[in-house]
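Written out below as structure tokens is the structure these notes cover.
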Amino acid sequence: MYIYNVTVHVDEKIHLQWLAWMREKHIAAVLATGKFSKAVLTRVITDEERGGVSYAVQYTAASREALDLYYLEDAQGLRDEVNALFGEQVLAFRTELKVIETFKNQTE
């Protein structure tokens, strides 16, 4: 299993608009590609005051092949849409994580 993590720093002036768009459109569009089984939207907590708000979205892919197909078939078009809507008010960087093992709390 792979996690495609997108960390985004959003200008404070538009962050509520961006967040609504993510919730209502973008995350659904990424999931609709069929390459990911779920997405988790989080807010990055930091003591640093840089202006703006940071978020991370983690998309879970079942395989390396699914992630590679996403890059090949879908990623650029979805990135272009973000750039067209928000331009330089949104800065993103992406990382990949390979899940080695999942552990669960045995008391739950």
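Every residue, every condition in (1) exposed (fewer than 11 other Cβ atoms within 10 Å of the Cβ); (2) of a type in the set (Val, Ile, Thr), yes or no:
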position: Asp11; (1), (2): no, no
position: Leu16; (1), (2): no, no
position: Ala20; (1), (2): yes, no
position: Thr33; (1), (2): no, yes
position: Leu41; (1), (2): no, no
position: Asp68; (1), (2): no, no
position: Asp80; (1), (2): yes, no
position: Phe86; (1), (2): no, no
position: Phe103; (1), (2): yes, no
List the residue pairs whose Cβ atoms are under 7 Å apart, where the first residue sits in the range 90-108 and is at pLDDT 90 or above, the second is part of a loop (DSSP other than H, G, I, E, B) and open to solvent by 80 Å² or more (accessible area, probe 1.4 Å), and the two are 6 or more positions apart or on different chains. Val99/Met1
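In the range 27-105, which helices (runs of 4 or more DSSP H) lie fully inside it and hold 2 or more residues that are out of contact with any Leu (no Cβ under 8 Å at 6 or more places or on another chain) and over 24 Å from Val10 (Cβ atoms)?
Answer list for the range 27-105: 64-70.
Among the residues of the range 27-55, write down those that are at pLDDT 95 or above and either out of contact with any helix residue (DSSP H, G or I) (no Cβ under 7 Å at 6 or more places or on another chain) or basic (Lys, Arg) (or both).
Taking the range 27-55 first, the residues at pLDDT 95 or above are 27-42.
Once the filter is applied, which keeps residues that are at pLDDT 95 or above and either out of contact with any helix residue (DSSP H, G or I) (no Cβ under 7 Å at 6 or more places or on another chain) or basic (Lys, Arg) (or both), the range 27-55 yields Ile27, Ala28, Leu31, Ala32, Gly34, Lys35, Ser37, Lys38, Val40, Thr42.
The values are calculated or read from the model by the stated rules, or taken from the named source; none is laboratory data. Everything numeric in this text was worked out from a predicted model, so none of it was measured. Using ideal geometry, Cβ is built from the backbone for each residue, glycine included, and neighbour counts are taken over all protein chains shown. Just so you know, the surface numbers come from the protein's heavy atoms only, side chains and all, with ligands and any DNA or RNA stripped out. Shrake-Rupley method; radii C 1.70, N 1.55, O 1.52, S 1.80 Å.
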